[in-house]
1. Quick one: which of 66-72, 79-85 comes out on top by average Cβ neighbours within 10 Å, and what's the full order, highest first?
2. At 7 Å along the Cα-to-beta-carbon direction for both VAL52 and THR85, put a label point, then send me their distance in nm to one decimal.
Amino acid sequence: MGSFLSQPLEPIKVAAPPEVTNSAEPLPLAAPGAPTSPAEAPLLNNCWSCRVLSGSGLIGAGGYVYWVARKPMKLGYAPSPGTITQMVVGISIACWGVIILADPKGKAFRAD
């Protein structure tokens with residue numbers, strides 16, 4: 001038990017730097033479209049549950065941004081350019097969520 005700070009530190013292994021060559025030949029490039037390392041995985045896996053979660057979250061965030069901008073207008077205040085910009089940004093965020101849910105290119109798959 002105890003916090004992370006009370007535990008002894010473990011030595012960190014650092015990889016050796018690559019050897020420098022003085023040859024004038026450039027390194028061969030990877031084939032286009034081929035991943036160069038496992039760290040370059042796609043940002044989203046495009047699975048159905050990922051799309052539902054992120055799409056509905058963006059719709060909710062956009063609705064909240066729009067609602068906060070609309071609230072003073074309901075109280076009778078005149079809309080300023082900043083309020084209108086905030087409403088447009090809120091609608092844009094919500095539309096982004098709808099696009100993620102709709103998957104117009106059909107690249108998503110259902111993970112069973």
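1. 66-72, 79-85
2. 3.8
Bear in mind that the values in this text are calculations on the coordinates, not laboratory data. Note that the structure is predicted; figures quoted are calculated from it, not measured. Every residue, glycine as well, gets a Cβ built from its backbone with ideal geometry; the counts of neighbours run over all protein chains shown.
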